[in-house]
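Nothing in this text is a laboratory measurement; each read-out follows from the coordinates by a stated rule. As the structure is a computational prediction, the values presented were derived from the model and not from experiment. Counting neighbours? That spans all protein chains shown, and the Cβs are built from the backbone with ideal geometry, glycine included.
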Amino acid sequence: MSDECARDKSKTICLGSDLPFEKIIAIPSVEEMEHITINPNAPTALLDVVQEIILDHNNVRDLFARYIRATDINEKQAIVNTILREIAVHGETENNSVYQRMDEKNMKPLADHSREEHQEVEEALLKLGSMDVQNQPAHDKQLMEVMRLFQEHGDEEEMDILLKLQSQLTTEMSNQVRSF
């Protein structure tokens, strides 16, 4: 594939120009994340939940970078299988803990929006899961779509939704959310 690149977390990950878009995902560096402020008065358990969600997002981003660097088709398939599993588990646990608490805190529209985004990602994942990695151009294109949807969701969650949730939760509720 032409123009492939995958670098460390502070660099852009992209695939070739034969796809509908060349740049799929930019993983922010620590310096770029400095504009995110954490409420120091927020319960510690919630901070852990926010960190766990971001860690999940970054784990999937890292897996995607590994996929791009991989040259062996069996390794690529193993990585895709892991991406499929990680996103599915992440979505399910977020839905069963975080979004339920958002519903309880009059944040239902945001929770519903996040659920819709998860549904879009899941539909793209189902299509990817049914594809053969041997059909590399089509498979890569679908993986790019999964990652585009996942990245959009993750960015919105990390930059907006989780911060709003953090400001709404009490210590008791954050301990319940921590089941994440």
| task | Put one equal scatterer on each alpha carbon of the range 66-170, apply the Debye formula with no solvent term, and list log10 I(q)/I(0) at q = 0.23 1/Å to two decimals. | result | -1.17
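FRET efficiency for residue 100 and residue 141, Cβ-Cβ distance as r, R0 = 25 Å, nearest 0.05?
E between residue 100 and residue 141, to the nearest 0.05, is 0.10.
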| query | Which of the peptides 110-119, 143-152, 67-76 is most tightly packed, and how do the rest follow, going by the mean number of other Cβ atoms within 10 Å of each residue? | reply | 143-152, 110-119, 67-76
| field | Which listed pairs, of 108/164; 76/141; 105/127, have C-alpha distances above 23 Å, in listed order | value | 105/127
| query | How many nm is it between the label spots at residue 164 and residue 82, if each spot is 7 Å from the Cα in line with the beta carbon? | reply | 3.4 nm
| note | Note: residue 89 to residue 152 extended length (0.36 nm per residue) minus current alpha-carbon separation gives 20.9 nm
